[in-house]
Structures are given as structure tokens and as C-alpha cells.
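J.: Okay, here's the structure, questions in a sec.
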Amino acid sequence: MSKIESFEIEIPQLKRDRTVWVYLPDSYKSTGAPLPVIYMQDGQNLFYDKLTSYGTAWRVDKIMDEIYEKTGRGAIIIGVESYDRARLSEYSPWRMPFSSAGYRSTPKHNRGGEGEQYAEFFTKNLKNAVDAKYNTAKEREATAIIGSSMGGYISCYIALRHQRLYETIGLFSTYSHFNKGALDKFLNKTPQTLPQYALVYCGGREGDNNRGDKVMANDSLDLYKKLSKRGIECELLLNSTFKHFEAAWGTYFDKFARDFLARYYAQQNSRQ
């Protein structure tokens, strides 16, 4: 049977500790064929309703169990807990612009700027710890990264900054508006050196009003276009009725995981 376990890890770059949840599929064995890995932000929202901010988890374990039952394909899921007090800062390498509507109401310690340190932890300390502890496939085609809202924002940065590690990217309801100017500049200046795949998702009722809905939808469309222009094989999914919440992200995580695993195992088979 599949199982969920956890371990504690330090973020030395920020002098903070974090809980990491780990989903191991039924096919996982400590020896033998290694398994691909999906790294996820906001790990407390993935498996257990009681830990989430809004009462409903992605239910990633149930989704992965069903995929394994139907396809025989499995992956390790790594979910890193977010830190509410500094979530915006950890999930953005750049500070919130002074002109932002939320600037004055957002505490100074949570306006962005720690994302580069967080990315270093994520790609170095976390990945090394996971690879040492579990039987993981190390190839970049075996490694995916995904996040929602600000988790999508930092996942986009990490995936493009560290293309040698991540081939597949999931960007769900990405809050590009946090500092769109800085993100756009990063997208324009960072060279695309390796092939990547991306799934961009946005709901139709993401904001608090019609204007907020349009902003999120337009930003997601713009992100899709910019990633596609870079040569990334990109897919855009829009759902007019879904709000900004975990149940929606779980719905489309099923497709993300299936496509990632199909691609990985097809590559493995072609090498045999």
C-alpha cells in the first residue's frame, strides 16, 4: 500500500525549519528501480484536510493511488510546508513593488525578496536530502515541480533558473501579479537552454470580483505565451467556474501527474 511520511529539514539560507511530507506509492522499494519525483509547494495543503488553510486538501495521495491502480505508474511526491508568516517573501525572489495595491497592508517581512535563498534550499539542500533518503530517479526527465498561486510563482522561477534539474513544470493559478514586472524581466533575460514541459492552469473565478478574475486569467494567458515563446512545450487550461482553492488544483493535478508519468515512462521504454 502507499503511505505518507514526513521529516524535518532546516533551511540554512533562511535559518528556519520546515516539515516535508513524502508520498510513497505502492510500487516504492528502497532498492531496485528508482521512481520519478514530483516536488510541490505548500505541502500542508496536499494530503490532509485538517492541515489546510481552507479545509480541503488537494488529496494528492488519492489521485496518485488511482493513477497507479489504472496505469501501474507511480511517483514519489515531496511536499514542502510553507511558512505563513513569510510565505510571500519565500515564494518571490523580488520585493513587492511600492505601487502594489497590497503594499501598505502587507507586513514588511512578507513582501518578497527571499525567493533566491529558498530556491537554493529547494534545489540543493532539499533535493540532496530526498535523493539520499529515498530511491529516486535522478534524471531531469524524472523530476517535476509544481505549485499554486504564489507557489506557482516560485516554481516558475526555480524551474527556469535550474533547468538542469526540472523538465516538467506545473503552474496553477499563478499569482504573477505579485511583481509581474520583475517576473517578466526574468522570463525575458533568462536563456532557455534545455527542453521543458509546462501546464498552466487558471480558474474563471480566481479573484474577489470580475476585475480580479480577468487579471488572473490575463496573467495566466500571458505566462503561457511567454513560456511558449521560450520554446517550452506548454499547455493552457482554463475553467470558467473554478475558484482559487485546493480542490480545483487537485482536479488538474491528475492530468499533470498522468502526463508527466506517461512522458517519463515512454522515455524509459525508448532506451531499452
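The values are calculated or read from the model by the stated rules, or taken from the named source; none is laboratory data. A quick note: this is a predicted structure, and the numbers were derived from the prediction, not measured. Positions of Cβ are generated from backbone atoms using ideal geometry, with glycine treated the same way; all protein chains shown enter the neighbour counts. Accessible surface areas use protein heavy atoms only, side chains included; no ligands, DNA or RNA. Shrake-Rupley method; radii C 1.70, N 1.55, O 1.52, S 1.80 Å.
J.: Taking the Cβ of ASP213 as the centre, find all other residues whose Cβ is under 14 Å away and add up their charges (Lys, Arg: +1; Asp, Glu: -1).
T.: For residues surrounding ASP213, the net value is +1.
J.: Something else now. Roughly speaking, what % of Cα-Cα pairs in the range 164-272 are separated by over 17 Å, rounded to a whole number?
T.: Cα-Cα pairs of the range 164-272 separated by over 17 Å account for 58 percent.
J.: Rounded to the nearest 10 degrees, what's the angle between the helix 246-271 long axis and the longest principal axis of the chain, both from Cα atoms, 0 to 90?
T.: So the inclination is approximately 50 degrees.
J.: Within the P(r) computed for the chain, what percentage of the Cα pairs occupies the region above 26 Å?
T.: Of all Cα-Cα distances in the chain, 38 percent exceed 26 Å.
J.: Need one number: the % of Cα-Cα pairs in the range 212-261 sitting beyond the 12 Å mark.
T.: In whole percent, the long-distance tail amounts to 70.
J.: Right, here's the next one. Suppose each label sits 7 Å from its Cα in the direction of the beta carbon; what would the THR106-ASP184 distance come out to in nanometres?
T.: Rounded to a tenth, the inter-label distance reads 1.7 nm.
J.: Oh, and also: Let me understand the range 109-234 better: what is its radius of gyration from the alpha carbons, and its Dmax, in angstrom?
T.: Rg and Dmax of the range 109-234, Cα atoms, are 14.9, 47 Å.
J.: What does the charge count around LEU14 come to, taking other residues whose C-beta lies under 11 Å from its C-beta (Lys +1, Arg +1, Asp -1, Glu -1)?
T.: Computed value for this residue: -3.
J.: Can you tell me the orientation of helix 180-189 relative to the chain, as the angle in degrees between its alpha-carbon axis and the longest Cα principal axis, to the nearest 10?
T.: Tilt relative to the chain: about 60 degrees.
J.: Turning to a different aspect of this structure: Any chance you could give the angle, 0 to 90 degrees and rounded to 10, that helix 60-71 forms with the longest Cα principal axis of the chain?
T.: Between the helix axis and the principal axis of the chain, the angle is about 40 degrees.
J.: Compute the FRET efficiency between LYS70 and PHE98 as 1/(1 + (r/R0)^6), taking r as their Cβ-Cβ distance and R0 = 51 Å, and round to the nearest 0.05.
T.: Once rounded, the FRET efficiency stands at 0.50.
J.: Next question, about the same structure. Report, to two decimal places, the Cα Rg of the range 60-161 normalised by 2.2 N^0.38 Å (N = number of residues).
T.: 1.28
J.: So what's the Cα pair-distance distribution over the range 88-137, bin width 5 Å, in %?
T.: Binned Cα distances yield the sequence 5, 21, 20, 14, 11, 11, 8, 5, 5, 0.
J.: The range 1-76 to the range 111-126: how many Å between their Cα centroids?
T.: First find each Cα centre; the distance between them is then 20 Å.
J.: Looking only at the chain, where both bridge partners belong to it, what percent of the DSSP beta bridges are antiparallel (to the nearest 5)?
T.: Looking only at bridges with both residues in the chain, the antiparallel portion is about 30 percent.
J.: Working out 0.36 nm times the residue gap between ASN128 and SER53, then minus their Cα-Cα distance, what length gain in nm do you get to one decimal?
T.: 24.1 nm
J.: If Lys and Arg each add +1 and Asp and Glu each add -1, what is the summed charge of the other residues whose beta carbon sits under 14 Å from the beta carbon of LEU237? Working shown, then result.
T.: Working: positive: LYS255, ARG258; negative: GLU206, GLU235, ASP254, ASP259.
Taking every other residue near LEU237 into account, the sum is -2.
J.: Please report how far the C-alpha centroid of the range 136-177 lies from that of the range 183-236, rounded to the nearest whole angstrom.
T.: 12
J.: Which value, in Å², gives the accessible area per residue of the range 1-94 when a 1.4 Å probe is used on the protein heavy atoms?
T.: Heavy-atom accessible area per residue stands at 47 Å².
J.: Also, I was wondering about something else. Please state, rounded to one decimal and in Å, the Kirkwood hydrodynamic radius that the range 1-115 gives when every pair of distinct Cα atoms enters the mean of 1/r.
T.: Every distinct Cα pair counted, the radius reaches 16.0 Å.
J.: Let me ask something else. Over the chain, what is the relative contact order in whole percent, taking alpha-carbon pairs under 8 Å and six or more residues apart?
T.: Computed over the chain, the figure is 17 percent.
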